[in-house]
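I have placed the structure first, in the form of structure tokens, so that the comments after it can refer back to it.
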Amino acid sequence: MLDIKIQRTETPKAKPAPGQKLGFGKIFTDHMFVMNYTEGKGWHDPRIEPFHNISLSPAAMVYHYGQEMFEGLKAYKGPDGNVYLFRPDMNAKRTNSTNDRLVIPQLPVEDFVQAVSAVVDVDRDWIPSDPGTSLYIRPFIIATDEFLGVAPSKTYLFMVILSPSGAYYESGLAPVGIWIEDEYVRAVRGGIGFAKTGGNYAASLIAQQKAHDAGYSQVLWLDGVERKYIEEVGAMNIFFKIAGKVVTPSLNGSILPGITRNSTIQLCKDWGYEVEERKISAEELLEAQKNGTLEECFGTGTAAVISPVGKLRYQDDVMTINGGNIGPLSQKLYDTITGIQTGILPDEKGWRVKVGG
Ligand code: PLP
Ligand code: COI
């Protein structure tokens, strides 16, 4: 158990009003969690402080070689007034798999969950309750040694900041257009694709800009070797419903093992769908589209929740899926997952974690 010191702000900020359009990740709450790591001492000084700018040496290693990691999860206010997290132990475990790859020290799962719960509890009045809103939680770790050599840092900062947010996409639950990228690649096996670290996102920006310029919301990446097989979208995993089966790329080391992906697979299996985790080529999608068996396509992610895809562009072809409308499976998944997250539906799988007393 961490012994967390709490220093409350003396100048609380105005909270967004009910009904106010929040956007995603633009507003921050009054507090943040901070903990230091020093080699030989381990993680120490866990504390909650007023949200404030931090001061680091310009030589801090994170600025130069990107030794950092982040996570993303949400807190929801239920109709009963309780505050819930969704499977936070999964974020904690993924933190440690990212940390291993980036040679960042391990963070005990229970300490991660305790830190997140504690800061959410302090700022629980910031959790919005309009439909489709939640408190987005961003835990992250940065390398702080003042040193320009390429080596793992000996000191780190773990922080958790909170942002009341609405839908990730401007369009909300309306289907988005996705650009299958065949020039740039995001990740290769043996690289850092499975890890949640800034470098993956920095590498994605140029293709995302290209997709935006062409009128698409996000990029769907192909594998880095053959540029043939579907991997994932910029901020979500991807699923297809083809001839009644649910199909998603397997976890091959170059895509993020999404928690919403894992939950979606479990729910679809419970509902009797055959779920295939396998290689899917862009050509197979084109073929399925032509013969009328590409029934649905949707992305899964914490920020994106279930995000229906209405249009997929691959080279000279534009595939319209389900007439550009949200499909029945996408809608059912969205309703079920958000229902479990917010406490409206029963939590048969034990995915919900209540915050505070
Ligand atoms: N893939 C990428 C690249 C992401 O950034 C995210 C978002 O976290 C996901 C997939 C979905 O993961 P999760 O469902 O755990 O949020
Ligand atoms: C999340 O869904 O939590 C993410 O981290 C996506 C993010 C890149 C906006």
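The values are calculated or read from the model by the stated rules, or taken from the named source; none is laboratory data. Because the structure is a prediction, the values reported are computed rather than measured. Here the Cβ is made from the backbone with ideal geometry for all residues, glycine too, and neighbour counts use every protein chain on show.
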Q: Would you check which residues across the stretch 31-57 are among the aromatic types (Phe, Trp, Tyr) and part of a loop (DSSP other than H, G, I, E, B) and list them?
A: PHE51
Q) Does the stretch 319-340 contain at least one residue that is within 16 Å of ligand 2 (Cβ to nearest atom), buried (at least 18 other Cβ atoms within 10 Å of the Cβ) and of a type in the set (Gly, Ala, Ser)? A) no
Q. In the stretch 112-170, which residues are out of contact with any helix residue (DSSP H, G or I) (no Cβ under 8 Å at 6 or more places or on another chain) and assigned to a strand (DSSP E or B)?
A. TYR136, ARG138, PHE140, GLU146, THR155, TYR156, LEU157, MET159, ILE161, SER163, SER165
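Residues ARG138, ARG186: which one is touching a Gly at 6+ places or on another chain (Cβ under 9 Å) and more than 30 Å from GLY40 (Cβ to Cβ)? I'd like the intermediate steps shown before the answer.
Numbers: ARG138 fails: more than 30 Å from GLY40 (Cβ to Cβ).
The match here is ARG186.
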Q. Applying the selection to the stretch 58-89, what residues are away from ligand 2 (no atom under 16 Å from the Cβ) and either part of a loop (DSSP other than H, G, I, E, B) or not assigned by TED's automatic domain parsing to the domain that holds PHE140 (or both)?
A. PRO58, ALA59, MET61, GLN67, GLY78, PRO79, ASP80, GLY81, ASN82
Q) When the stretch 179-219 is examined, which residues are found to be touching a Leu at 6+ places or on another chain (Cβ under 7 Å) and either small (Gly, Ala, Ser) or within 15 Å of ligand 2 (Cβ to nearest atom) (or both)? A) PHE194, ALA195, LYS196, THR197
Q. Checking GLY299 against (1) surrounded by fewer than 20 Cβ atoms within 10 Å (Cβ to Cβ); (2) of a type outside the set (Phe, Trp, Tyr); (3) under 20 Å from VAL219 (Cα atoms), which test does it fail?
A. (1)
Q | Count of the stretch 217-228 residues which are at pLDDT 95 or above and either surrounded by 21 or more Cβ atoms within 10 Å (Cβ to Cβ) or within 11 Å of ligand 1 (Cβ to nearest atom) (or both) | A | 5
Q) Out of curiosity, is ARG101 over 20 Å from MET1 (Cα atoms) and part of a helix (DSSP H, G or I)? A) yes
Q: Would you be able to tell me the number of residues in the stretch 308-357 that are over 17 Å from the mean Cα position of the chain (by Cα) and aromatic (Phe, Trp, Tyr)?
A: 1
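Just give me the residues in the stretch 333-357 being more than 30 Å from HIS212 (Cβ to Cβ) and either of a type in the set (Val, Ile, Thr) or assigned to a helix (DSSP H, G or I) (or both), in sequence order.
THR336, GLY339, ILE340, THR342, ILE344, VAL353, VAL355 - these are the residues of the stretch 333-357 that are more than 30 Å from HIS212 (Cβ to Cβ) and either of a type in the set (Val, Ile, Thr) or assigned to a helix (DSSP H, G or I) (or both).
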Q) Which condition breaks for PRO328 when tested against (1) modelled with pLDDT under 95; (2) farther than 30 Å from VAL109 by Cβ? A) (1)
Q: Might you check whether a residue that is surrounded by 18 or more Cβ atoms within 10 Å (Cβ to Cβ) and without any contact (Cβ under 8 Å) to a residue 60 or more places away in the chain occurs anywhere in the stretch 73-92?
A: yes
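Report those strands (runs of 3 or more DSSP E) wholly inside the stretch 235-307 carrying at least 2 residues which are within 20 Å of the chain's Cα centre (by Cα), within 16 Å of ligand 1 (Cβ to nearest atom) and assigned by TED's automatic domain parsing to the domain that holds ASN200.
Per the criteria, 237-242, 294-301.
Against the condition buried (at least 19 other Cβ atoms within 10 Å of the Cβ), under 26 Å from ASP123 (Cβ atoms) and modelled with pLDDT under 95, how does GLY356 come out, does it pass?
So GLY356 fails the test.
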Q: Please verify whether the stretch 325-332 includes one or more residues that are in contact with a Gly (Cβ under 9 Å, 6 or more places away or on another chain) and not assigned by TED's automatic domain parsing to the domain that holds ASP125.
A: yes
(Q) Going through VAL233, VAL275 one at a time, which residue ends up being more than 15 Å from ligand 2 (Cβ to nearest atom) and surrounded by 15 or more Cβ atoms within 10 Å (Cβ to Cβ)? (A) VAL275
Q | Scan of the stretch 180-193 for residues that are more than 10 Å from ligand 1 (Cβ to nearest atom) and not basic (Lys, Arg), ordered by number | A | ILE180, GLU181, ASP182, GLU183, TYR184, VAL185, VAL188, GLY190, GLY191, ILE192
Q. In the stretch 201-216, which residues are in contact (Cβ under 8 Å) with a residue 40 or more places away in the chain and within 14 Å of ligand 1 (Cβ to nearest atom)?
A. ALA202
